[in-house]
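The values are calculated or read from the model by the stated rules, or taken from the named source; none is laboratory data. As the structure is a computational prediction, the values presented were derived from the model and not from experiment. Quick reminder, even Gly has a Cβ in these numbers, built from the backbone with ideal geometry, and neighbours come from all protein chains shown. Accessible surface areas use protein heavy atoms only, side chains included; no ligands, DNA or RNA. Shrake-Rupley method; radii C 1.70, N 1.55, O 1.52, S 1.80 Å.
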Amino acid sequence: LLWQFRVRVNQSSPLGSWLAQRAYGVYIVHPPVLVGISLLFQGWAIPPLFKFFVVGSLACLGCLAVAHLLLLIPGARRVL
């Protein structure tokens, strides 16, 4: 299986490049984004597993959006 992935999937794509450029920024900003989104959904009375998927998905998208906005700041690409 590892060999198959190395041979067939070892290519870069535009989406993969876009995500790779923002990976460190996501690593830096994920705690406050995740806590903020968790606090927004604190009073939402639904099953915990469903809330986990909703908050986790929104946190991933939110972290990518914040990292993208950080990269728009002049000079931020050298740091992030």
> Has the stretch 51-64 got at least one residue that is free of Cβ contacts under 8 Å to residues at least 12 places away in the same chain, hydroxyl-bearing (Ser, Thr, Tyr) and loosely packed, with under 12 Cβ neighbours inside 10 Å?
Replying inline: yes
> Could we say that VAL29 is out of contact with any Leu (no Cβ under 8 Å at 6 or more places or on another chain), touching a residue at least 12 places away in the same chain (Cβ under 8 Å) and among the hydrophobic types (A, V, I, L, M, F, W, C) here?
Replying inline: no
>> Checking VAL35 against (1) assigned to a helix (DSSP H, G or I); (2) open to solvent by less than 80 Å² (accessible area, probe 1.4 Å); (3) of a type in the set (Val, Ile, Thr), only one condition comes out false. Which one?
In response: (2)
